[in-house]
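J.: I'd like to ask you about the structure that follows.
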Amino acid sequence: MKKINFALLFIVVLILSSCASRPKLYPNETLKAKGKEAGEADINQCMKDADEFAGSSEGKKMLKSTGFGAAVGGAMGAVAGAFYGDIGGGAARGAAIGGAGGAVSGALSPDELKHRYVNQCLSDKGYNVIGWD
């Protein structure tokens, strides 16, 4: 049970810390010409656009497989847990496995979708993203 609680806590911390993640720009000619303030403004705009895209029907469709896998896995885990007397633990394990299976099958996590969107948006503006913090 402690392993499950630790795993869930780790996942929550990872998700919350990734929300504050921001791209780091390579100091190419575009950044030098526009300046750091303009670069930060462009990052903010691209991140806002990415959040809006994630809420769109196309963005939701890209994220759907992971959530569906987690839901199916959770239901299956709950059923298996009922046989072993641990419905909640079974559901949590099943959701984690199902979500991972959905991600492996080609679905994007919300963070991965946002990173890809922001990277492309900034690239279209002439910037080069060298990483995220």
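The values are calculated or read from the model by the stated rules, or taken from the named source; none is laboratory data. The shown structure was predicted, so the numbers you read here are calculated from the model rather than taken from an experiment. Neighbour counts are summed over all protein chains in view; Cβ atoms, including those assigned to glycine, are modelled from backbone coordinates with ideal geometry.
J.: Name every residue in the range 20-40 that is under 17 Å from Asp133 (Cα atoms) and either among the aliphatic types (A, V, I, L, M) or touching a residue at least 12 places away in the same chain (Cβ under 8 Å) (or both), in order of residue number. Explain how you work it out, then say what you get.
T.: From the range 20-40, those under 17 Å from Asp133 (Cα atoms) are 20-27, 36, 39-40; that's our starting set.
Matches in the range 20-40: Ala20, Ser21, Arg22, Pro23, Lys24, Leu25, Tyr26, Gly39.
J.: Moving on. Could you give every pair whose Cβ atoms fall below 6 Å, whose first residue belongs to the range 107-119 and is aromatic (Phe, Trp, Tyr), and whose second residue is assigned to a helix (DSSP H, G or I) and crowded, with 18+ Cβ neighbours inside 10 Å, counting only separations of at least 6 or pairs across chains?
T.: Here the result reads Tyr117/Ala50, each pair linking the range 107-119 to a residue that is assigned to a helix (DSSP H, G or I) and crowded, with 18+ Cβ neighbours inside 10 Å.
J.: Conditions first: (1) part of a helix (DSSP H, G or I); (2) at pLDDT 65 or above; (3) surrounded by 15 or more Cβ atoms within 10 Å (Cβ to Cβ). Ala80 passes all but one, so which condition is the exception?
T.: (2)
J.: For the range 96-108, indicate whether the set of residues that are modelled with pLDDT of 90 or more, polar (S, T, N, Q) and surrounded by fewer than 13 Cβ atoms within 10 Å (Cβ to Cβ) is non-empty. Even if it seems obvious, please write down each step before you answer.
T.: Filtering the range 96-108 down to residues modelled with pLDDT of 90 or more leaves none.
Scanning the range 96-108 turns up no residue that is modelled with pLDDT of 90 or more, polar (S, T, N, Q) and surrounded by fewer than 13 Cβ atoms within 10 Å (Cβ to Cβ).
Residues are listed down the side, and each one gets a yes or a no for (1) in a helix (DSSP H, G or I); (2) among the small types (Gly, Ala, Ser); (3) exposed (fewer than 12 other Cβ atoms within 10 Å of the Cβ); (4) modelled with pLDDT under 95:
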{"site": "Ser18", "(1), (2), (3), (4)": "yes, yes, no, yes"}
{"site": "Thr30", "(1), (2), (3), (4)": "yes, no, no, no"}
{"site": "Ala54", "(1), (2), (3), (4)": "yes, yes, no, yes"}
{"site": "Gly59", "(1), (2), (3), (4)": "yes, yes, no, yes"}
{"site": "Met62", "(1), (2), (3), (4)": "yes, no, no, yes"}
{"site": "Ala70", "(1), (2), (3), (4)": "yes, yes, no, yes"}
